């Protein structure tokens with residue numbers, strides 16, 4: 001009996017060690033970011049392309065108040081309700097103490113400065129593709145510099161409303177090992193700079209697939225059905241397909257700037273915030289996004 005007990009203890013120890021190893025966090029070496037000098041002017045464009053204020057501004061914020069990234073917006077899902085955190089430069093409640101490497105770890109791997117896994121409600125599953133473009137890490141350094149120019153908000157973060165077993169963050173390490181894909185979804189001609197830029201904006205910075213691509217039972221995007229539309233995570237309505245739009249490229253670019261469709265309808269819901277951000281980008285970026293969408297097979 002004692003021998004069986006010892007064996008059970010040994011097997012449990014091995015399984016526990018294996019689980020701990022498989023669920024660990026991934027980080028980028030600090031030396032990779034050390035030589036990158038952030039440019040806040042360029043970082044402002046990254047900020048709008050990535051839609052940071054759309055999630056991290058206070059609910060119902062308008063105008064310049066959207067630059068006060070106090071968090072608090074609620075996102076319902078089948079796994080619980082996630083609450084956007086404070087990412088203002090406040091040193092206590094925000095990310096004022098973060099380094100460039102801390103921001104890179106969060107955006108590329110969903111890893112916090114304290115070594116915790118972030119939930120994929122934060123779209124690092126898309127941001128991780130920033131590594132695939134030569135200037136992607138520089139964009140993170142630029143964004144870090146720009147975020148530090150914004151006003152600080154001394155607003156405490158609220159905990160996510162997530163029940164068992166989804167509140168065990170360590171298990172997200174297994175989710176990442178299976179579903180955190182570091183590859184481009186759609187092939188684009190290497191010689192076409194505009195299409196390459198469009199892919200970067202759609203698949204990485206703009207994280208369009210996070211809403212417009214259906215998810216599997218554990219919440220991972222089904223990239224085989226890329227941009228084919230998806231149920232709203234809140235259970236109300238559906239996000240439309242954008243993989244085979246019958247609009248012209250100029251129609252798409254105009255919509256991304258103004259929110260008006262060729263059918264004289266207008267953007268609503270979260271898409272209205274997306275349009276508000278994209279309208280602040282250069283016209284060439286909106287044209288690149290339109291070109292990418294039209295080039296999808």
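Every number in this text was worked out from the coordinates using simple rules, so none of it is lab data. Computed from a predicted model, the values in this text were never measured in an experiment. Backbone-built Cβ (ideal geometry, glycine too); neighbour counts: all protein chains shown.
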Once label points are set 7 Å from the Cα along Cα→Cβ at both residue 222 and residue 258, what is their separation, rounded to one decimal in nm?
3.6
If we count other beta carbons within 10 Å of each Cβ, what is the order of 92, 239, 27, fewest first?
92, 27, 239
Per-residue [θ]222 nm for the chain (sum of -39500 (n - 2.57) over DSSP H runs n ≥ 4, rounded to 500)
-11500 deg cm²/dmol
Restricting to Cα pairs under 8 Å and 6 or more apart, the percent relative contact order of the chain works out to 19
Relative contact order in percent for segment 186-297 (Cα pairs under 8 Å, 6+ apart) equals 28
By count of other Cβ within 10 Å, fewest leading, how are 178, 275 ordered?
178, 275
Kirkwood Rh, Cα atoms: Rg over Rh of segment 139-243:
1.03
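Can you sort 117, 160 so the residue with the fewest Cβ neighbours within 10 Å comes first?
Taking fewest neighbouring Cβ atoms as first place, the list is 160, 117.
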I need to check one value: relative contact order of segment 25-183, counting alpha carbon pairs closer than 8 Å and at least 6 residues apart, in percent.
32
For segment 186-297, rounded, prolate or oblate, judged on the Cα gyration tensor with a ≥ b ≥ c (square roots of eigenvalues), a/c < 1.5 rounded, else prolate if a/b > b/c?
oblate
So if I average 1/r over every pair of distinct C-alpha atoms in segment 23-87 and take the inverse, what Kirkwood radius in Å does that give?
14.2
In whole angstrom, how far apart do the alpha carbon centroids of segment 270-292 and segment 217-236 sit?
22
Let's test this: bin the Cα-Cα distances of segment 73-178 at 5 Å from zero up to the farthest pair and state each bin's percent.
2, 12, 19, 23, 22, 14, 7, 1, 0
Residue among 130, 73, 107 with the largest mean-square fluctuation in a Gaussian network model of the chain, springs linking Cα atoms under 10 Å:
73
What list of whole percents do you get for P(r) of segment 19-149, with Cα-Cα distances grouped in 10 Å bins up to the one holding the largest distance?
12, 43, 35, 9, 0
